[in-house]
Each structure stands twice: as structure tokens, then as C-alpha cells.
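S.K.: Sharing a structure, written as C-alpha cells. Questions coming.
Bear in mind these aren't lab numbers, they're just calculated from the coordinates by the rules spelled out. Computed from a predicted structure; not experimentally measured. Cβ sites come from the backbone with ideal geometry, for glycine too, and all protein chains shown count toward neighbours.
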Amino acid sequence: MKVQVFQHVSFEDIGLIEKWLYIKKISSLSYTRFYQGEVPPSDLDFDFLILMGGPMGVYDSLQYPWLSTEIDFVARALKEGRKVLGICLGAQIIAASLKAKVYPNKYKEIGWWPIEVLNCPLTVDFPQKLKVFQWHGDTFDLPKGSLRLAKSEACLNQAFFFPPNGLGLQFHLEVGRKEVENLVANCGEDLQLSGTYVQDTESMLAESEENAKILEKYLFSLLDKFWDFR
């Protein structure tokens, strides 16, 4: 398995996904770091494309011109049959590449909040309710031809599967305490907002270590089933 990662900011990396990749004994792991001015590869010489998060929105292409390039690249990768996983901003990029609308959500969701998991071949091992990590203000319409995998009180479209090779997660299963600390350090202004679904920093950090241990098995199960789905 050759893996390509698109990273939008230095403080949002693949976290626990890296452990899964090495369990799978991948042959290569390459990065495109847009925040350093890097550009996507000229070809599709990979099997699995992972799109990470970031504080920008897909509609911010004037400030971040690479967003338009990335959206076009993802549309091509999906069309050519590459597996594409998007997390947070990455999920919104997949949605945009499939011509779905991306826009501000009614609520900001920040911290550890429960989702309701819906029936799907990828989520058969998941409980109906699962607490996951959130840090987003945008949402997206469900792309045509995709299946909704999860929803929450604050956000209807928490995850979707575009069979057989597209998977978008608005939430984070890949984070541990270190990744949460990085978000707090770099996006702390969001925590000054009052809101029904904005958790206080102390509680967020206190929950991170234990929750990450719980989420790892669900992350690995999801990735296994997504990779094997044909």
C-alpha cells in the first residue's frame, strides 16, 4: 500500500492513523504539506489518499489558492479508484469534490461530544452512541450517491461513505492528548466562544487520554473495512 497524505497545517497530523498504517505494513508514506508551499504529486502513484484538517474552509480559495487545486485532485483520485479518506476539513474537501455544498454549520462543535452511528458495512463494529472529538464550524450537504454514517445533535452530516472508495469524517477518531493539545495551542481563540457545543479546555484535555484508548479500536476497524471494501 502506497499512502499519500495532504496536510494543511503543521498541527493537524495523522495521529493514530500512523499506527494503523504500519500495522498494515505499507510500502511508502508521502506527504504534501500545503502550508509549506508544496504541491500535489503530478500523478496518482498511490493507493490511499488521506486528507487532514485545518482551520480554513473550502470557500477560502482566494486566501489559500491550493484549495481549488486540491479539490480537483481529489475528484480525479476518486474517479480513478483511489481510496480517499478525509477528516474534518478533509471530509469537506471530498464533499466539495463531489459537488456537494459546504457552508457554516448552525453550531460550532468543539470538544468531546456524542454521535449516533448509523447502519453501514463500515460501522458494523461501532456502538450506536460514541463520544468523539470535534473541532469544526462548517458542515456539508450529503454528496449524491453517498451514505450518511453518523449524525449528532449539532450536525446532521457527521460522516459519509461514497462507495466504494470515498470516506469523509467530520469528527476526529485519530487524536490523542498530544493532538488535542496542539489544537488548543493553535486554535485557542475558538475556545473563547460561548456555545452549547463548545467544551471547556480543562474537561477536553482531561477526557482525551482515556477516550483515545477507546477510539483506537473503532478507528482501526473502520479503516480495515474501508480499505477492504470493493
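S.K.: Note down the nm distance, to one decimal, between modelled labels 7 Å out along Cα→Cβ at residue 177 and at residue 189.
M.R.: That separation, rounded to one decimal, is 2.9 nm.
S.K.: Also: With a 10 Å radius around each residue's Cβ, average the other Cβ atoms per peptide and rank 139-145, 37-43, highest first.
M.R.: Ranked from most to least packed, the peptides come out as 139-145, 37-43.
S.K.: How big is the antiparallel share of DSSP beta bridges in region 1-147, given as a percent to the nearest 5?
M.R.: 45 percent
S.K.: What FRET efficiency would be calculated for the residue pair residue 35, residue 141, taking the C-beta separation as r and a Förster radius of 25 Å, to the nearest 0.05?
M.R.: 0.35
S.K.: Next up: Using the Cα centre of the chain as the reference point, and only Cβ charges (+1 on K/R, -1 on D/E), how large is the resulting charge dipole? Debye, rounded to the nearest 20.
M.R.: 860 debye
S.K.: Could you tell me which of 10, 84, 215 has its Cα farthest along the dipole of the chain towards the positive end, charges placed at Cβ (Lys, Arg +1; Asp, Glu -1), taken about the Cα centre?
M.R.: 84
S.K.: Cα-based Rg of region 189-228 per 2.2 N^0.38 Å, rounded to two decimals?
M.R.: Normalised Cα radius of gyration, region 189-228: 1.64.
S.K.: Multiply the residue separation of residue 18 and residue 224 by 0.36 nm, subtract the distance between their alpha-carbon atoms, and state the gained length in nm to one decimal.
M.R.: Stretched fully, the residue 18-residue 224 segment lengthens by 72.8 nm.
S.K.: Let me ask something else. Quick one: of 151/217; 24/108; 83/217; 131/178, which pairs are farther than 24 Å apart, Cα to Cα?
M.R.: Exceeds cut-off: 24/108.
S.K.: Can you order the peptides 175-187, 46-58 by their average number of other Cβ atoms within 10 Å per residue, highest first?
M.R.: Packing order, densest peptide first, comes out as 46-58, 175-187.
S.K.: Where nothing but the Cβ of Lys and Arg (+1) and of Asp and Glu (-1) is charged, how large is the charge dipole of region 17-96 around its Cα centre, in debye to the nearest 20?
M.R.: Dipole about the Cα centre, nearest 20: 340 debye.
S.K.: Please name whichever of 205, 132, 69 sits farthest to the positive end of the charge dipole of the chain, dipole taken about the Cα centre and charges placed at Cβ: Lys and Arg +1, Asp and Glu -1.
M.R.: 69
S.K.: Sorted from fewest to most neighbouring beta carbons within 10 Å, what does the list 129, 225, 83, 101 look like?
M.R.: The most exposed by this proxy come first: 129, 101, 225, 83.
S.K.: Using the number of other C-beta atoms within 10 angstrom as an exposure proxy, rank 80, 216, 116, 109 with the fewest first.
M.R.: With the sparsest Cβ surroundings first, the list reads 80, 116, 216, 109.
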